[in-house]
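The values are calculated or read from the model by the stated rules, or taken from the named source; none is laboratory data. Given the structure is predicted, the values throughout are model-derived calculations rather than measurements. For neighbour counting, all protein chains shown are included, and Cβ atoms are generated from backbone atoms with ideal geometry for every residue, glycine included. The accessibility values were calculated without ligands, DNA or RNA, using every heavy atom of the protein model including side chains. Shrake-Rupley method; radii C 1.70, N 1.55, O 1.52, S 1.80 Å.
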Amino acid sequence: MITVQEHLSRIVDCVQRLPPIGLDLLDAQGCVLAEAVTSEVPLPGFRNSAMDGYAVHAADLAAASQTAPVTLPVVRDIVAGNTETLSLAPGQSMRIMTGAPMPEGADAVVPVEGTDGGLLMVAVLASVSVGQYVRQAGEDVVAGDVVMDDGTRLEPRQIALLAAVGTGVVRVTPKPRVVVISTGDELIEPGTRPGFGQVVDSNGLMLTAAVRALDCIPFRVGCVPDDAQTFRSTIESHLRRADAVITTGGVSMGACDTVKEVLSSVGTMRFDKVAMQPGMPQGFGVLGEDEIPVFTLPGNPVSALVSFEVFVAPALRLMAGRPQHEISMVTAVAAHDWAVPFGKVQFARVVLSQTSSRDGSGHTAAIAGLQGSHALGSLAGANALAVIPADVTSVRAGDQVLCHPLGPVLVAS
Ligand code: AMP
Ligand code: MG
């Protein structure tokens, strides 16, 4: 028996950030930059108006007030998109729109609200300071600056900045393509009602969805029977299109544990018992010329999901160039006593609820229902896994437990 940490370390030491590729900016959403990006242009690219109003020489309006407005001729309009170089003579104004280039000479903008809105002549009702409502070229981004570091994840905001500085294609770490293979003679395709002895391949859908939820690219192969030859050829054919492979089922001690049987002596594959509940039978190794990481997860649905969260997700994040952990653990108070296994880390399905009192807010964790590793009902009803270390012998109501959220957990507002 090995520890959870030993198994995870072995995986993490084996996987590598994927080699970079060039992608159009929008296609790179969710990827991380594989190199720093330097801007060749300043932002704003030119001095422009922050308001709809009038471009002026501030000095002309030094004496302007509500009771003694200063009137200036309006010599032209400047709209956003104007590309002429214009110049404003002292004693004059130009009507200017938000984002339009400032004429040379003008050093301030009077917002339309501070005027009578005149088209040929404008009465200005207050003085303005130099630079007022003017966006200076380069005040946001200086040309030559590194605007984004290697490893930055491209969310909508980052995409906007890269677009603004003129980037079309970015070099990023691609999202891992992950093949999901379910094994078992009992499995039938989702969407069909199972007959006696049949089981719907819920793991296949769950793991495919989990890969997608992690912002990686899943490919679900479907159900493969417990036949060594079929399984071998299936995994071989998919190794070519994958950055990682996840299998489920066939790794325990049964008579038809095909995955273990076929892969035991291949590549660097190793099958271990990991001191955890659920999820004890685990296999991992790299296969094929390209040394593709292969995770062989147990077939029991809860074991498969826990294994994904604990072992596969950290590895996929690293391959994607992201941090190994992106989820903050939540400390909660056990709502009641519950039984824990001896000498194994327990991943208990719990419902985390937010509590608030005068002392502040916190979370309680209550067991989500039947804890068997086959019990999908309690898995679907849970929103976290309480992680109880191997050396803890009991959980009592009121104990603090560390929980790994499985989805959004309410945060005190
Ligand atoms: P195994 O690990 O193959 O011995 O399977 C353990 C248990 O998980 C059995 O009850 C299987 O029917 C169930 N199981 C295996 N694979 C799947 C799957 N893809 N979807 C749902 N249940 C599964
Ligand atoms: Mg099986």
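Charge tally around Tyr133: other residues with Cβ under 15 Å, Lys/Arg +1 each, Asp/Glu -1 each, net -1.
Under a model in which nothing but the beta-carbon of Lys, Arg (+1) and Asp, Glu (-1) is charged, the chain shows a dipole of about 760 debye around its Cα centre. Multiplying the residue separation of Val146 and Thr67 by 0.36 nm and removing their Cα-Cα distance gives an extension gain of 23.5 nm. Taking a Cβ cut-off of under 14 Å around Leu61, the surrounding Lys, Arg, Asp and Glu residues balance to a net charge of -3, with basic ones at +1 and acidic ones at -1. Measure off 7 Å from each Cα along the Cα-to-Cβ vector at Phe219 and Ser357, then give the distance between these two points in nanometres to one decimal. Distance between the two pseudo-spin positions: 5.4 nm.
When only C-alpha pairs under 8 Å and at least 6 residues apart count, what is the relative contact order of the chain, in percent?
Values: 974 pairs, mean separation 63.4, N = 413.
15 percent.
For the chain, the carbon plus sulfur part of the accessible surface works out to 54%, probe radius 1.4 Å. Residues considered: Gln346, Gln282, Gln92. Largest GNM mean-square fluctuation over the chain, using C-alpha springs under 10 Å, is found at Gln92. Using equal-weight Cα scatterers in the Debye expression, the normalised intensity of the chain in log10 at q = 0.06, 0.07, 0.11, 0.14 Å⁻¹ is -0.43, -0.54, -0.86, -1.17.
For segment 16-141, the direction-averaged projected area of the alpha-carbon convex hull comes to 10.1 nm². An oblate overall shape is assigned to segment 302-413, the ratio a/c of its alpha-carbon gyration tensor axes (a ≥ b ≥ c) being 1.5 or greater and a/b not exceeding b/c.
When a/c is below 1.5 the answer is rounded, else prolate if a/b is larger than b/c, else oblate, so apply that to segment 253-322 with a ≥ b ≥ c taken from the square roots of the Cα gyration tensor eigenvalues. Kindly include the intermediate steps, with their values, before the conclusion.
Numbers: a/c = 2.31, a/b = 1.10, b/c = 2.10.
Judged from the Cα gyration tensor, segment 253-322 comes out oblate (a/c at least 1.5, b/c at or above a/b).
For segment 1-51 and segment 346-413, compute the distance between their C-alpha centroids and round to whole Å. Cα centroid to Cα centroid, the span is 32 Å. Put the Cα centre of segment 290-317 next to the Cα centre of segment 169-198 and the gap is 13 Å. Average accessible surface for segment 349-413: 55 Å² per residue, computed with a 1.4 Å probe over protein heavy atoms with every protein chain in place. In this structure, the amide hydrogen of Ala384, modeled 1.01 Å from its nitrogen in the peptide plane, lies closer than 5 angstrom to those of Val350, Leu352, Leu406, counting only residues at least 5 positions away or on a different chain. Each other residue within a Cβ distance under 11 Å of Pro20 adds +1 if Lys or Arg and -1 if Asp or Glu, for a net charge of 0. 3J(HN,Hα) along segment 60-71: 5, 10, 4, 9, 5, 8, 4, 8, 10, x, 9, 9 Hz, from the Karplus curve 6.51 cos²θ - 1.76 cosθ + 1.60 with θ = phi - 60°, whole Hz, x for Gly and Pro.
Restricting to DSSP H runs of at least four residues, report the calculated mean residue ellipticity at 222 nm for the chain, -39500 (n - 2.57) per run over all residues, nearest 500 deg cm²/dmol.
Numbers: 8 runs with 70 residues, N = 413.
Result for the chain, helices only: -4500 deg cm²/dmol.
Cα-based radius of gyration for segment 1-87, normalised by 2.2 N^0.38 Å, reads 2.38. For segment 277-335, the per residue solvent-accessible surface stands at 31 Å², with DNA, RNA and ligands left out and a 1.4 Å probe.
Annotation: per residue accessible area for segment 41-123 equals 46 Å², rounded to a whole number [probe 1.4 Å, protein chains only].
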